[in-house]
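For reference, the structure is listed below as structure tokens.
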Amino acid sequence: MNASRVSEETTMTSPASDTPHLLAALKEAQDTVRAYDTKAQIVGVGYIFALRIAGGIGAENPDPVAFAPWIILVAWAFVMTPIIFFGMVLYPSRKVAPKLAGSAGSVRHMLYVEPDRAGDVDAYLAAAGECDWRREIAYELMKTSGLRDLKRTRFLRALFAAALGFLLIFLGQVLHGFAII
């Protein structure tokens, strides 16, 4: 019984047994990155439709008020900024993901293949046979996790900007309803 326990502990800490766990973590990080893309698309489109509804409420007021140009610019800035922010969630590609200091030099970038760097199939297969796959997977995991965190931050920033935009529209309509502006 004690020998099987030692064997099990050795197996759990061996480099070969790390690979499935690293691949699972990488898949989870990639799935989360894709989920932020999907969320940003859905919420961005929903925001645009909601703006139409919110704007329609103000259009029902029979007494339109002439706006000064600076009010129009400020309103457009608050309305358009969230749309730009949702687009920025979609923008960051792997190339703008946070850089990893020091470890990139020993990685051959086998999981994220750039055809210009790989050469041809034979060169890629030769490099694949010589690389440390644990290091490759760990590098991709760290890189993708950095991208995931960047997308999360941008998504939350876009949600905050959308809420602020709706608040501005609401306050403008309330103030207009009370003939304050």
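Points worth noting:
- Selection within the range 39-65 - at pLDDT 75 or above and surrounded by fewer than 12 Cβ atoms within 10 Å (Cβ to Cβ): I42, F49, R52
- Selection count where residues are without any contact (Cβ under 8 Å) to a residue 12 or more places away in the chain and of a type outside the set (F, W, Y), scope the range 150-177: 7
- Among the residues of the range 132-181, the ones that are part of a loop (DSSP other than H, G, I, E, B) and loosely packed, with under 13 Cβ neighbours inside 10 Å come to 3 in all.
- Only listed residue being under 30 Å from L141 (Cβ atoms), surrounded by 13 or more Cβ atoms within 10 Å (Cβ to Cβ), at pLDDT 75 or above and basic (K, R), chosen from R108, R34: R108
- Considering E140, E136, E130, the condition of being farther than 20 Å from Q41 by Cα and touching a residue at least 60 places away in the same chain (Cβ under 8 Å) is satisfied by E140 alone.
- Residues that are at pLDDT 80 or above and outside any loop (DSSP other than H, G, I, E, B) within the range 117-131 comprise V121, D122, A123, Y124, L125, A126, A127, A128, G129, E130, listed in sequence order.
- All of (1) β-branched (V, I, T); (2) at pLDDT 70 or above; (3) within 25 Å of the chain's Cα centre (by Cα) hold for V96 with one exception: (2).
The values are calculated or read from the model by the stated rules, or taken from the named source; none is laboratory data. Just so it is clear, the model here is predicted, and its values are computed rather than measured. For neighbour counting, all protein chains shown are included, and Cβ atoms are generated from backbone atoms with ideal geometry for every residue, glycine included.
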